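Report on one structure; see the data block that follows.
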Amino acid sequence: MATTDRDLYELLGVRRDADEATIKKAFRRLARELHPDVSAAPDAESRFREAAEAYEVLSNSETRALYDRYGHAGLRSGGFTPTHFDMGGLGDLFATFFGEDLFGGRTRRAQRGADVAAEVEVTLVDAARGTTATVPFEASVACMTCGGNGVEPGTQPVRCERCGGSGRLQQVTRSVFGEFVRTHACPDCRGVGQIVEHPCRGCRGTGRVVEERRLEVKIPPGIHGGQRIRVSGEGHAGALGGRAGDVYVRVHVKPDPRFVREGNDIYSQLDLTFVQAAVGVQVQVETLDGPVEVDLPAGTQPGDVRVLHGRGMPVLQGFGRGDHRVLVNVAVPRRLNEEQRRLLTEFDAASDEDTYRLDESFFEKLKSAFR
Ligand SMILES: [Zn+2]
Ligand SMILES: [Zn+2]
């Protein structure tokens, strides 16, 4: 009984006039994607079964012709029954279909090492300038005691009796297309053909040991928090001559209490006394580049924004820098003594409407804040 009613071409993602090679390629790609060892998707297995069934039908000219002409009904009346796949034997199934071990998991072939995740924290100022950070991480490397083969020095692995040292066992399966000779990895030696009776004591037979390492990682100017930097070939060692994995360094940018970062722009607050704001003042403003002198004219208002062009964060892997926007906050006295109260009252008496008159409308000011 067929397991799927869906269009078989659609299942494989190929056109109806696709040739054999295209169909094979499409199935191979899907199979790699949907293999339960690789895919975490809960429906991976059922999707795999569908794809395998589609491949089984479309890779055979007779069943394909039947399907093209009469659809699923044609297959049913033609007596087609999809091969039932034992998911545990998927690797063997590929050997059957493609004459190759698709996943190579059990055979002794070179395997790329796994990637390592590492983290590093930099200050906002360092993120602006770019820096070199020392990143500690752990990676497994080939065991020095056994040279990475997992065999205790001075001993030899013995030949596997079950498979006679070939690492593979053959099994004949019948289906409507004739006999498949399924080759699968020997379970006793896991496809290696040899059995290690004395595993290396340095690595307990795994061939690898975990090593604490450090990397000097270049942090480019303008990096954002959470971004990852890949250092190629510094991760876990590969097996049997395979290349090492990569190290992915996640960069955390420590918040700077003086600044707020918004993309490539920097915001900071400048506190003035109401007298400074009224008479004007020259102040030092903290920026990513250090203190910068800023002249604030008489009559500076709370909420005024002074834009320091090009003093923000550098554009990552680009040109130029963002801006630094200084937001003015004006402090009004909260506690006045007698003398201060008298002076201010006198000041108020000496003031008129013109003292507080706006040169710029509120709307103009709003526009200048976004300039
Ligand atoms: Zn070892
Ligand atoms: Zn064996």
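The values are calculated or read from the model by the stated rules, or taken from the named source; none is laboratory data. These numbers were taken from a predicted model, which means no experiment stands behind them. In this analysis, Cβ positions are derived from the backbone assuming ideal geometry, glycine residues included, and neighbour counts consider all displayed protein chains. When the accessible area is computed, the model is the full protein with side chains, heavy atoms only, and any ligands, DNA or RNA have been set aside. Shrake-Rupley method; radii C 1.70, N 1.55, O 1.52, S 1.80 Å.
Within the range 133-264, what whole-number % of the accessible surface is contributed by carbon and sulfur, with the 1.4 Å probe and all protein chains included in the calculation? Intermediate values should be presented prior to the final figure.
Values: 3750 of 8010 Å².
Summing carbon and sulfur atoms, their accessible area is 47 percent of the total for the range 133-264.
Under a Cβ-Cβ cut-off of 11 Å, what is the net charge of the residues other than Val283 that fall near it, where Lys and Arg count +1 and Asp and Glu count -1? Walk me through the numbers before you get to the answer.
On the way: positive: Arg306; negative: Asp271, Glu286, Glu293, Asp295.
Result for the neighbourhood of Val283: -3.
If you add up the charges near Ser232, with Lys and Arg at +1 and Asp and Glu at -1, over every other residue whose beta carbon is less than 14 angstrom from its beta carbon, what do you get?
The answer is +2.
Once you keep just the Cα pairs under 8 angstrom separated by 6 or more residues, what percentage relative contact order results for the range 118-272? Could you put the intermediate results ahead of the total?
On the way: 306 pairs, mean separation 50.5, N = 155.
Relative CO of the range 118-272 lands at 33 percent.
Along the Cα→Cβ direction, 7 angstrom out, place labels at Glu353 and Ala369. What is the inter-label distance in nm?
2.7
Choose one of Val217, Ile195, Val158: the residue whose Cα lies farthest towards the positive end of the charge dipole of the range 144-231 (beta-carbon charges +1 Lys, Arg; -1 Asp, Glu; about the Cα centre).
The listed residue farthest towards the positive side: Val217.
Give me the distance in nm between label points sitting 7 Å out from Cα along the Cα-to-Cβ direction at Ser61 and Thr134, one decimal.
For Ser61 paired with Thr134, the spin-label model returns 6.9 nm.
Apply the Karplus parameterisation 6.51 cos²θ - 1.76 cosθ + 1.60, with θ equal to phi minus 60°, to every residue of the range 319-329 and state each ³J(HN,Hα) to the nearest whole Hz, in sequence, with x for glycine and proline.
Along the range 319-329, the couplings run 10, x, 9, x, 9, 10, 9, 9, 9, 8, 10 Hz.
Place a label point 7 angstrom from the Cα of Ile195 along the Cα-to-Cβ direction, then list the residues of the range 134-167 whose backbone nitrogen is under 15 Å away.
Residues 156-167 qualify, since their backbone N sits under 15 Å from the label point.
What list of ³J(HN,Hα) couplings, whole Hz, do you get for the range 220-233 from phi and the Karplus terms 6.51, -1.76, 1.60, once you set θ to phi - 60° and write x for glycine and proline?
Those phi angles translate into x, x, x, 4, 9, x, x, 6, 10, 10, 9, 10, 6, x Hz.
Less than 11 Å Cβ to Cβ from Ile266, Lys/Arg counted +1 and Asp/Glu -1: what total charge do the surrounding residues give? Show your work: numbers first, answer last.
Numbers: positive: Arg258, Arg261, Arg311, Arg321, Arg325; negative: Asp256, Glu262, Asp265, Glu286, Asp289, Asp323.
Its environment carries a net charge of -1.
List every residue whose amide H lies under 5 Å from the amide H of Ile219, counting only residues 5 or more places away in sequence or on a different chain, with H placed 1.01 Å from N in the peptide plane.
Thr131, Thr132, Ala133
How far, in nm, would the chain grow between Thr345 and Val307 when pulled straight, counting 0.36 nm per residue and subtracting the alpha carbon separation? Each step should come with its number before you reach the end.
Working: separation 38, 0.36 × 38 = 13.68 nm, distance 3.50 nm.
Full-extension gain reported as 10.2 nm.
Give me the number: length gained by fully extending Ala331 to Glu119, i.e. 0.36 nm times residue separation minus the C-alpha to C-alpha distance, one decimal in nm. Display every interim value, and only then the final one.
Values: separation 212, 0.36 × 212 = 76.32 nm, distance 4.14 nm.
In short, 72.2 nm is gained.
For the range 263-371, just the Cα atoms, rotate onto the principal axes and tell me the three extents in Å, largest first.
Between the extreme Cα coordinates on each principal axis of the range 263-371 lie 59, 29, 19 Å.
At a 10 angstrom cut-off on C-beta neighbours, averaged per residue, how do the peptides 302-315, 256-269, 52-65, 337-350 rank from highest to lowest? Intermediate results must be reported in sequence, preceding the final value.
Numbers: 302-315: 17.3, 256-269: 15.6, 52-65: 18.8, 337-350: 9.8.
Put in order of decreasing packing, that is 52-65, 302-315, 256-269, 337-350.
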